[in-house]
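Colleague: Can you read through this structure? Questions will come right after.
The values are calculated or read from the model by the stated rules, or taken from the named source; none is laboratory data. Since this is a predicted model, take the numbers as computed values, not measurements. All Cβ positions, even for glycine, are placed from backbone atoms using ideal geometry, and neighbour counts span all protein chains on display.
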């Protein structure tokens, strides 16, 4: 069955068909970095006895197979997963998955655990008729995923860097992502910072980099950033959330000096604050400030294209007015 689907500003001609699960593989160049498997998704697939939404795939040539499998094996080795690696040994790829890697991977896991489930060995797919370039594939993936819930917490930094490389122009890359150029620049900063820790903490490097970049600019000197990166890489900082304690530590001269020592830790720095009689825990005002920072970060990450679709939503406008009014009252109280 032939049909057209719209993705962003692009219209694609696709053909619906059923394809064996071992004749397709994911695109190794897409920005997803982790969180492939989901108990909830597998439960849903089993309950519906298959996929409700077809996978979006593209035909591949015989000459592409070898390099694709090599890249995929390396990708899944980095994830530390053996289930997919074992499955890749038996595939004969004829199609490249452009949207649906999580669904594909979770079906593979279900089959690996129970090979008798025959109905999952052939899945519905929409096969794109056009030949796509690497740039087309990437923009297509971003256009689909930036509207989804999981996009907010996942691959935006990796996507920003890849789009800059593919498109070249920051304004165009920002437009594709649905963010401002300023937001794009922040994503690039976070990505570059994460690469300094990726070898030691893997995909969690993005979370560490985000926490570092959330420190106030006046506290986030090159010396401080270098110290944090070094301590993460040496295992002296083992949880990205601990970096938030630096908002208190870096404001105290003795605690800051202790933290910047080669073997200084967040715990040893906090002990310096305790010695001065100042509580090491974040005060109520700082807690509220952190809440505001998180709120601002969450709201600013929503794509403007998506926000424009909500135009005229009276209930949403009322909630926004309430927030503005409440924050204005707090501001006036604090400024009095």
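Colleague: Within the range 57-72, take every residue that is surrounded by 15 or more Cβ atoms within 10 Å (Cβ to Cβ) and either touching a helix residue (DSSP H, G or I) at 6+ places or on another chain (Cβ under 8 Å) or without any contact (Cβ under 8 Å) to a residue 24 or more places away in the chain (or both) and give me the one that is farthest from residue 36 (Cα to Cα).
Modeller: Filtering the range 57-72 for residues that are surrounded by 15 or more Cβ atoms within 10 Å (Cβ to Cβ) and either touching a helix residue (DSSP H, G or I) at 6+ places or on another chain (Cβ under 8 Å) or without any contact (Cβ under 8 Å) to a residue 24 or more places away in the chain (or both), the one farthest from residue 36 (Cα to Cα) comes out as 60.
Colleague: If you don't mind, there's one more thing I want to ask. Grab the helices (runs of 4 or more DSSP H) fully contained in the range 243-326, keeping just those with 1 or more residues being modelled with pLDDT of 85 or more, in the same structural domain as residue 156 (by TED's automatic domain parsing) and within 21 Å of residue 219 (Cβ to Cβ).
Modeller: 246-249, 253-260, 266-275
Colleague: Within the range 81-100, is there a residue that is within 24 Å of the chain's Cα centre (by Cα), surrounded by fewer than 17 Cβ atoms within 10 Å (Cβ to Cβ) and on the phi > 0 side of the Ramachandran plot?
Modeller: Within the range 81-100, none of the residues are within 24 Å of the chain's Cα centre (by Cα), surrounded by fewer than 17 Cβ atoms within 10 Å (Cβ to Cβ) and on the phi > 0 side of the Ramachandran plot.
Colleague: Any idea which of 165, 156 is outside the structural domain of residue 11 (by TED's automatic domain parsing), over 29 Å from residue 111 (Cα atoms) and either in contact with a strand residue (DSSP E or B) (Cβ under 8 Å, 6 or more places away or on another chain) or at pLDDT 85 or above (or both)?
Modeller: Being outside the structural domain of residue 11 (by TED's automatic domain parsing), over 29 Å from residue 111 (Cα atoms) and either in contact with a strand residue (DSSP E or B) (Cβ under 8 Å, 6 or more places away or on another chain) or at pLDDT 85 or above (or both) holds for just one of 165, 156, which is 165.
Colleague: Against the conditions (1) at pLDDT below 80; (2) more than 20 Å from residue 29 (Cα to Cα), where does residue 116 fall short? Just the number, please.
Modeller: (1)
Colleague: Can you pull out every residue in the range 12-35 that is within 30 Å of residue 165 (Cβ to Cβ) and either touching a strand residue (DSSP E or B) at 6+ places or on another chain (Cβ under 9 Å) or not assigned by TED's automatic domain parsing to the domain that holds residue 136 (or both)?
Modeller: Selection gives 12, 13, 14, 24, 25, 26, 27, 30, 32.
Colleague: Something else about it: Would it be correct to say that residue 220 is at pLDDT 90 or above and either in a loop (DSSP other than H, G, I, E, B) or surrounded by fewer than 20 Cβ atoms within 10 Å (Cβ to Cβ) (or both)?
Modeller: yes
Colleague: With respect to residue 143, determine if the residue is at pLDDT below 90 and surrounded by fewer than 17 Cβ atoms within 10 Å (Cβ to Cβ).
Modeller: On the way: at pLDDT below 90: yes; surrounded by fewer than 17 Cβ atoms within 10 Å (Cβ to Cβ): no.
Answer is no for this residue.
Colleague: Follow-up. Would you pick out the residues in the range 180-195 that are under 22 Å from residue 134 (Cβ atoms) and either in the same structural domain as residue 134 (by TED's automatic domain parsing) or not in a helix (DSSP H, G or I) (or both)?
Modeller: If the condition is that a residue be under 22 Å from residue 134 (Cβ atoms) and either in the same structural domain as residue 134 (by TED's automatic domain parsing) or not in a helix (DSSP H, G or I) (or both), then 195 is the only one that fits.
Colleague: If you go through the range 107-123 one residue at a time, how many are over 12 Å from residue 87 (Cβ atoms), touching a helix residue (DSSP H, G or I) at 6+ places or on another chain (Cβ under 7 Å) and assigned to a helix (DSSP H, G or I)?
Modeller: Of the residues in the range 107-123, 1 are over 12 Å from residue 87 (Cβ atoms), touching a helix residue (DSSP H, G or I) at 6+ places or on another chain (Cβ under 7 Å) and assigned to a helix (DSSP H, G or I).
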